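Just below is one structure, and these are the notes that go with it.
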Amino acid sequence: MRHGFGVVAATVVMAMACGQAAEVRIDETKGIPPVKGTTEVQLGSFTCGMPITSGEVMVQTRTVPEGCELSFDKDVPVLKAEDYDGIPEFRGATSLVQRIELTVKRLGFTDGATNMPLDLATRVVSAQLSINGQLVAEKATLSSLPRVVKLEGAALDAMKGKIEARQAASVRTRVVLVVPSMPAPPQRLVVDYDAQPAIVVGVKPPSLF
């Protein structure tokens, strides 16, 4: 227990000595899991406009001028209630969340039958990944991944409130994809995404006595 406090205290002292704000970054190195998911959609005999069930995920579809839009939502856990005691940096933190960053690593679309990525130029009209309602990746940015995005506004507040109350926290992910009618979509479409959160918190000044 003292070891965890010592790590936080040393970080604060170094930051104060360098004239920086007293804050600590809590990311995958501290046990924060990635926000990731994989959904396989059977498109062999589907009719656009009808929902598709994929495991526990319901994929909504609708006809759009460019082809068929597929969209689905999923809740992904980020913190469990016990993590606030298990991660030393949280034990030395104040109630203030400075910011939450996401390193978006992947948003991929694969033909499940061949295990080959879809050609984005001909097989994907548009694609978006949103976290808590905030757009964090789209087709135009896929070639520049990984990229770091800061959660803002309502997307930030949704997690910030849970973290500051030391409650279990999750994020709502949403993928929206438009596939053209021609060429025909693959029989099995696999959609996967991967983003790593980092929670930056303020920390209490260390007590030297």
Worksheet item: Out of all the residues in the range 168-206, which are within 16 Å of PHE109 (Cα to Cα), of a type in the set (Gly, Ala, Ser) and either assigned to a helix (DSSP H, G or I) or modelled with pLDDT of 95 or more (or both)?
Response: ALA195
Item to complete: Please work out which residue is farthest from the chain's Cα centre (by Cα), limiting yourself to the range 68-83 and to residues that are among the charged types (D, E, K, R) and over 21 Å from LEU189 (Cα atoms).
Response: GLU82
Discussion item. Can you tell me which residue is nearest to ILE87 (Cα to Cα) among those in the range 158-182 that are within 15 Å of the chain's Cα centre (by Cα) and not basic (Lys, Arg)?
Written reply: ALA169
Discussion item. Can you tell me which condition GLY49 does not meet? The list is (1) within 23 Å of ARG188 (Cα to Cα); (2) surrounded by 14 or more Cβ atoms within 10 Å (Cβ to Cβ); (3) at pLDDT 90 or above, and all the others hold.
Written reply: (2)
Worksheet, complete the sentence: If we keep only residues of the range 143-167 that are exposed (fewer than 14 other Cβ atoms within 10 Å of the Cβ) and among the hydrophobic types (A, V, I, L, M, F, W, C), then the residue modelled with the highest pLDDT is VAL148
Discussion item. Can you tell me which residue is nearest to ARG25 (Cα to Cα) among those in the range 133-167 that are among the charged types (D, E, K, R) and assigned to a strand (DSSP E or B)?
Written reply: LYS150
Worksheet item: When you scan the range 176-192, how many residues do you find that are crowded, with 16+ Cβ neighbours inside 10 Å and touching a Ser or Thr at 6+ places or on another chain (Cβ under 7 Å)?
Response: 4
Fill in: Residues being crowded, with 18+ Cβ neighbours inside 10 Å, in contact with a Gly (Cβ under 8 Å, 6 or more places away or on another chain), modelled with pLDDT of 85 or more and within 18 Å of VAL201 (Cα to Cα) - total across the range 1-44
2
Discussion item. One residue is enough: does the range 129-136 have a residue meeting the conditions more than 26 Å from GLU40 (Cα to Cα), in contact (Cβ under 8 Å) with a residue 40 or more places away in the chain and either surrounded by 14 or more Cβ atoms within 10 Å (Cβ to Cβ) or within 14 Å of the chain's Cα centre (by Cα) (or both)?
Written reply: no
Worksheet entry | Yes/no for GLN60 being surrounded by fewer than 17 Cβ atoms within 10 Å (Cβ to Cβ), outside any helix (DSSP H, G or I), at pLDDT 85 or above and of a type in the set (S, T, N, Q) | yes
Item to complete: Please state which of the following conditions PHE90 fails to meet, knowing it meets all the rest: (1) within 21 Å of THR29 (Cβ to Cβ); (2) in a strand (DSSP E or B).
Response: (2)
Worksheet item: Of the residues LEU107, LEU96, which single one is touching a strand residue (DSSP E or B) at 6+ places or on another chain (Cβ under 7 Å), of a type in the set (A, V, I, L, M) and either surrounded by fewer than 17 Cβ atoms within 10 Å (Cβ to Cβ) or under 20 Å from GLY161 (Cβ atoms) (or both)?
Response: LEU96
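The values are calculated or read from the model by the stated rules, or taken from the named source; none is laboratory data. Computed from a predicted model, the values in this text were never measured in an experiment. Virtual Cβ from ideal backbone geometry, glycine too; neighbours counted across all protein chains shown.
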